[in-house]
1. With labels modelled as points extended 7 Å from the Cα through the Cβ direction, what inter-label distance (nm, one decimal) is found for C:Glu107 paired with C:Asp258?
2. Have a look at C:Trp85, C:His111, C:Met56 and report the one farthest towards the positive end of the charge dipole of the range C:1-116, computed about the Cα centre with Cβ charges (Lys/Arg +1, Asp/Glu -1).
3. Of the chymotrypsin sites (Phe, Trp or Tyr not before Pro) in the range C:9-55, which ones lie in a loop per DSSP and count no more than 14 other C-beta atoms within 10 Å?
4. If one computes the Cα centroid of the range C:65-90 and of the range B:37-100, what distance in Å separates the two points?
5. With θ taken as phi - 60° and the coefficients 6.51, -1.76 and 1.60, list the Karplus ³J(HN,Hα) couplings across the range A:54-66 in order, rounded to whole Hz; mark glycine and proline as x.
6. Which far-off residues, 5 or more places away or on another chain, put their amide H under 5 Å from the one on B:Asp220, with H placed in the peptide plane?
7. Taking a label point 7 Å from Cα toward Cβ, how far is A:Ile231 from its twins in the other copies, in nm, shortest first?
8. What is the residue of chain A with the smallest Cβ distance to the axis taking A onto C, and what is that distance in whole Å?
Amino acid sequence: MTRRHDRAFVRTFFTSPTAVEGEDSAKMLRRAAQLRGMEAPDVWVPDNEDATAPGMREEGIANIIEVVAAHGADVPAEIHPRVVWHRDDPATRAEGFEQIRRVAASEAAPHVDGFVIPEVGGLDDWKKVDELITLAENEAGLPTGTFAMSVIVESATAELALAELRDAIHHPSNALERLFLLVDGEVDYTKDLRAITPTGALPDWPELRHNTSRGASAADLIAVDGPYDDIRDLEGYRERMVDNRARGQLGIWALTPDQVVTANEAPLPPATGEWLLAVDGEQVPLTPEDDGERFVYEGERVSVADAEDGYRLRIDGQTRRGRSSRPPRRPVGERSRWSGRPSSRSTA
Amino acid sequence: MTRRHDRAFVRTFFTSPTAVEGEDSAKMLRRAAQLRGMEAPDVWVPDNEDATAPGMREEGIANIIEVVAAHGADVPAEIHPRVVWHRDDPATRAEGFEQIRRVAASEAAPHVDGFVIPEVGGLDDWKKVDELITLAENEAGLPTGTFAMSVIVESATAELALAELRDAIHHPSNALERLFLLVDGEVDYTKDLRAITPTGALPDWPELRHNTSRGASAADLIAVDGPYDDIRDLEGYRERMVDNRARGQLGIWALTPDQVVTANEAPLPPATGEWLLAVDGEQVPLTPEDDGERFVYEGERVSVADAEDGYRLRIDGQTRRGRSSRPPRRPVGERSRWSGRPSSRSTA
Amino acid sequence: MTRRHDRAFVRTFFTSPTAVEGEDSAKMLRRAAQLRGMEAPDVWVPDNEDATAPGMREEGIANIIEVVAAHGADVPAEIHPRVVWHRDDPATRAEGFEQIRRVAASEAAPHVDGFVIPEVGGLDDWKKVDELITLAENEAGLPTGTFAMSVIVESATAELALAELRDAIHHPSNALERLFLLVDGEVDYTKDLRAITPTGALPDWPELRHNTSRGASAADLIAVDGPYDDIRDLEGYRERMVDNRARGQLGIWALTPDQVVTANEAPLPPATGEWLLAVDGEQVPLTPEDDGERFVYEGERVSVADAEDGYRLRIDGQTRRGRSSRPPRRPVGERSRWSGRPSSRSTA
């Protein structure tokens, strides 16, 4: 199979309870499906695990199917329901398998991009998830790899697996290329490591976040930080995002539309790669200026100049106009060969 | 073999010199064997390595045998002598083997719970320790696995091995299931990494402590931090414990009875797992409240209410009284399937 | 092959552009080759990668050959040119191979100690480098292992490889024993992890530096931190070195002779090992005092005393004088067996 997802970034991972007490148990789902604009997350997660009471999860799957079938085509977000799973409990895993099967066989399936799996353990446990998704896909007549797979890293064992992903992900016996998001789950991670703090606040876990970001980078996946529980403290949420971004963890969990908006307002990372100019059949990389935002061709046959309405490009005497835009990212295999510091800064 | 140790936590790891200058070279050992109450550690380590001068270690083993045979039955702590070992020096390893053999064959053996091995290297070095303990057990007519094995992590190589423990510990060619404590030894670790600080103080080594705690969690072992040298600074010792606990490293080395007392006063970690209520043959998990200390049944057939003298439990109309206590921990295989945040906090 | 390098420490890793615009494109190289005294680095790196514009790298190799052939015999530093390489780009790797071949076959070769390889990926990528160096050595009639190999760790994948070095380095199918320096490259590492900071400043990457130091310690290599771009801020450079040393990363990149001087002024790490006194055929380790700088023999047959002009050593009545000096380091296999805290500090 080939890699399914093509997103470069996921800034917002928004969870909604799948079933709540009351007359319309799907009301939270329905409301979430209608978020648009800055309130729309990159990834929407109908959460049939921790956000939904255990006794309501049967109904939660029915609600997911109903709401996603009805609204999925219009939802701007990718849709990745979270099902139940536990590395140490086969009954929970069997339950998770049933939840995946039900969704995969339903009329919601065409709008479902993947599944989020909590409480995974070592890599062998990840492979069990992958296999059960494959069986569900097969049963529903869908090709292997139809659904992406994202995991919540909330155990020491899962953290250790992050270092093995790069070697394992392309193994032909599995379909682990369906992997998509690596999401930290600090609440249960803290329990798994039996960590305690005087105030009951979660530890910072910088090493976990580093290892998640590193694992994502090495395996071409996307790292997402866990939930920020104090939903009124948007300033704290912003600060957490700044700290995360400095580790390369560009996405964050959102529990409320306000958190989604806050995360969507965060700056996008700079484009990787470089500007390449094809001049008479030769590719010439442009030199980034100090601000990292502008790129200059150093040579005589081409000039790029800012203009009020965009830029002016002169090639061997001919001038063209254009709008400024971010350079296209190049595939990994063609990465910049001159991505370091320009010679002018290295002086002897 | 099956895992030997059944402790969930070790808060105090207390070392005593096995032989000191003077008329009664065993006097420190004898005094330590009589510590009781808050001065009694969880694990007592007659230290025939760094705490005892090289020239007195022969006598140190004789002292261990004498004192542990005489007092071991009454010592409340587990008893784990530390012998000599070095990953890079076969002569030291041979000496450590002899020390283990002497203890294993002695009348102290029934009171000895395991051995502490310093200066281990990579996993192959840990296997050498394990094998020599097995040989000593066999020679003494004891079943394999009689003695636990704890290691001092004081080299980069040993730190790297922490990530491999989970996969190696159950290998049937070895008896590594005897592993018990993973103890950081920052003094020699600092030398091994050739780190230096302006004041000569030890670096903080947050990554080492994280990796030790993570390795312990993944392999179901117990993480213990190294010695705190300024034995008069109990406040600093307390702060170190707070920092350790936020990493899941719940135990700490103690060099003095005062440090033991200070460590024994530290809060115990919360019980993991959850309250389960069996109602008409069905197990219903209770919902933790925000403070994490109270658990509420959400349903109609049962109610739990605080009362002055404990609690009142009403089941289908019948009321019972009881004292509050910590819920029993459930074995890992039956871990909570709903251990996350309750639905009321996840709002859309 | 046997390990080629015998340095215990590298404090300064100084890069120079190999070709710059102007009449004498080799002028920076020539100037760097003449640095002496405190301005002379431990390792000098004619940098044919990021410090030199892509279009000038052909000429850069010619300059390296010319300048190193002319001045190499007198340069006090080890000489390790940096060539181009990229884990994701075979064209760049082929170019790097050509650069190595040209240098290896040139009259500069006798003065070249090794090559620095940027942008390496996983261990298989490191093996490609090693093999191409071996081919270049063979072609030039030089024995395998003539050239050392140092890498710039500037990707998540390379960071992960650091944990595997110890097991891989002695594999007989390769010549990875030529490995020498592990150098962090935070600029491109930051890009590889897609990390961003509000100011554009580089993140601190404590975990990367820890893992580099740990990998170096485990595989008996040398860890070097990356460039410090603000070349006028020598105080900040000093602070970075203090922070690095507390992690065991004793070397640092230098972009200017001023940075070289600053790094050369930094304190040397203490000698490892211990003083051993051979007394009547027996080796007695000396006891370090609290400051870690003085060592005391505890016994009756020998005394060491400070004197104005050095020390006075009395052995069984005979007194000798000598100058204070650092104790010789002992080979790893004979490491101190009593390197911990003296018994006087462990009290019960």
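1. My value for the distance between the label points is 3.7 nm.
2. Going by the Cα projections, it comes out as C:His111.
3. Sparse-neighbourhood loop chymotrypsin sites (Phe, Trp or Tyr not before Pro): C:Phe9.
4. 54 Å
5. Values, residue by residue: x, x, 10, 7, 4, 5, x, 5, 4, 5, 4, 4, 5 Hz.
6. none
7. For A:Ile231, the other copies' label points sit at 5.4, 5.4 nm, shortest first.
8. Residue and rounded Å distance to the axis: A:Glu207, 3.
Any read-out appearing in this document is the output of simple, stated calculations on the displayed coordinates, not a laboratory observation. Owing to the predicted nature of the structure, the values given are computational and were not obtained by experimental measurement. Here the Cβ is made from the backbone with ideal geometry for all residues, glycine too, and neighbour counts use every protein chain on show.
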